[in-house]
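Heads up: the structure comes next, in structure tokens.
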Amino acid sequence: MKTALPTEPPATRWQLPPASSADADGLVGVGADLEPGTLLAAYRSGLFPMPVARRGPVGWWSPDPRGVIPLDGLAVSRSLRAACRRYEIRVDTAFPEVIEACADPARPNGWITPEMQHAYGRLHRLGWAHSVEAWTPDGDLAGGLYGVAIGGLFAGESMFYRQRDASKVALVALVEMLRAGGAAERILDVQWTTPHLSSLGGHDLPRDRYLALLERALGQPLPPAFR
């Protein structure tokens, strides 16, 4: 189980390049490690890890533009609102199951390696990584998402569904959690704005704008749901 509050791990031994040094694809560098201190240092400086190629070495990324979902701009259709009533939302009750489902190698463009599963499991036990889960009335895990919460930043990593709209319902719940207790300077980072995320209200920010918002968000308190 995760701790009640985030526990700061030992600092990374790596000097991470600045986000502004990314190449045209958003790649800052390759290598380092996935220790908790390295992951947190990366997110705090505007980077995130993802293999350079499917199941390849880990790269550190800072795309320009950067995808975000504005907390006041989530697009919730009538059918999605109806779907929200079909599921029960839970937080951090099935983190290993959520990340395992997100890492299913049969998924198109799967990129979550066993090493990354292990690394985020460690972050979860330290209180930094969280899952938002949609459950059926029969007690089945229908879908969910996971990411990293640091102050007012939630860095969304991946989502999955087994039943229709379940991952979207988890996203709606996450936005509500981030809005609770004052959301003016919180950020929901989705890395790249895919067509799917665009349909839900995601849009692009220039890297410089994202980094300025990130600096302010990191100084905000954690949303109540993740404390």
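Data for the structure
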| item | result |
| --- | --- |
| Residues satisfying the stated conditions in the stretch 87-114, i.e. among the basic types (Lys, Arg) and buried (at least 16 other Cβ atoms within 10 Å of the Cβ) | Arg90 |
| Conditions (1) part of a loop (DSSP other than H, G, I, E, B); (2) in contact with a helix residue (DSSP H, G or I) (Cβ under 6 Å, 6 or more places away or on another chain); (3) at pLDDT 95 or above; (4) of a type outside the set (Ser, Thr, Tyr); number of the one not met by Lys2 | (3) |
| Those residues of the stretch 108-123 which are assigned to a helix (DSSP H, G or I) and not aromatic (Phe, Trp, Tyr), in sequence order | Pro114, Glu115, Met116, Gln117, His118, Ala119, Gly121, Arg122, Leu123 |
| Top-ranked residue in the stretch 171-227 [being part of a strand (DSSP E or B) and surrounded by fewer than 18 Cβ atoms within 10 Å (Cβ to Cβ); ranked as modelled with the lowest pLDDT] | His203 |
| Top-ranked residue in the stretch 56-86 [being loosely packed, with under 15 Cβ neighbours inside 10 Å and closer than 28 Å to Trp14 by Cβ; ranked as modelled with the lowest pLDDT] | Gly56 |
| Scan of the stretch 22-36 for residues that are out of contact with any Asp or Glu (no Cβ under 8 Å at 6 or more places or on another chain) and in contact (Cβ under 8 Å) with a residue 12 or more places away in the chain, ordered by number | Asp25, Leu27, Val28, Gly29, Val30, Gly31, Ala32, Asp33, Glu35, Pro36 |
| Pairs where the first residue, in the stretch 88-99, is modelled with pLDDT of 95 or more and the second is of a type in the set (Val, Ile, Thr) and in a loop (DSSP other than H, G, I, E, B), C-beta under 9 Å, 6+ apart | Glu88/Thr136; Ile99/Ile112 |
| Selection count where residues are farther than 15 Å from Val52 by Cβ and outside any loop (DSSP other than H, G, I, E, B), scope the stretch 15-32 | 3 |
| Qualifying residue in the stretch 90-110 (condition: among the hydroxyl-bearing types (Ser, Thr, Tyr) and over 26 Å from Leu5 (Cα atoms)) | no |
| Odd one out for Gly26 among (1) crowded, with 18+ Cβ neighbours inside 10 Å; (2) more than 27 Å from Thr7 (Cα to Cα); (3) assigned by TED's automatic domain parsing to the domain that holds Leu205 | (3) |
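Residues are listed down the side, and each one gets a yes or a no for (1) in contact with a Phe, Trp or Tyr (Cβ under 7 Å, 6 or more places away or on another chain); (2) of a type outside the set (A, V, I, L, M, F, W, C); (3) farther than 21 Å from Pro65 by Cβ:
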{"site": "Tyr161", "(1), (2), (3)": "no, yes, yes"}
{"site": "Arg164", "(1), (2), (3)": "no, yes, yes"}
{"site": "Val172", "(1), (2), (3)": "no, no, yes"}
{"site": "Glu176", "(1), (2), (3)": "no, yes, yes"}
{"site": "Arg179", "(1), (2), (3)": "no, yes, yes"}
{"site": "Trp192", "(1), (2), (3)": "no, no, no"}
{"site": "Leu213", "(1), (2), (3)": "no, no, no"}
{"site": "Leu218", "(1), (2), (3)": "no, no, no"}
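The values are calculated or read from the model by the stated rules, or taken from the named source; none is laboratory data. None of the values given here were measured: they were computed from a predicted structure. Cβ: placed from backbone, ideal geometry, glycine included. Neighbour counts: every protein chain shown.
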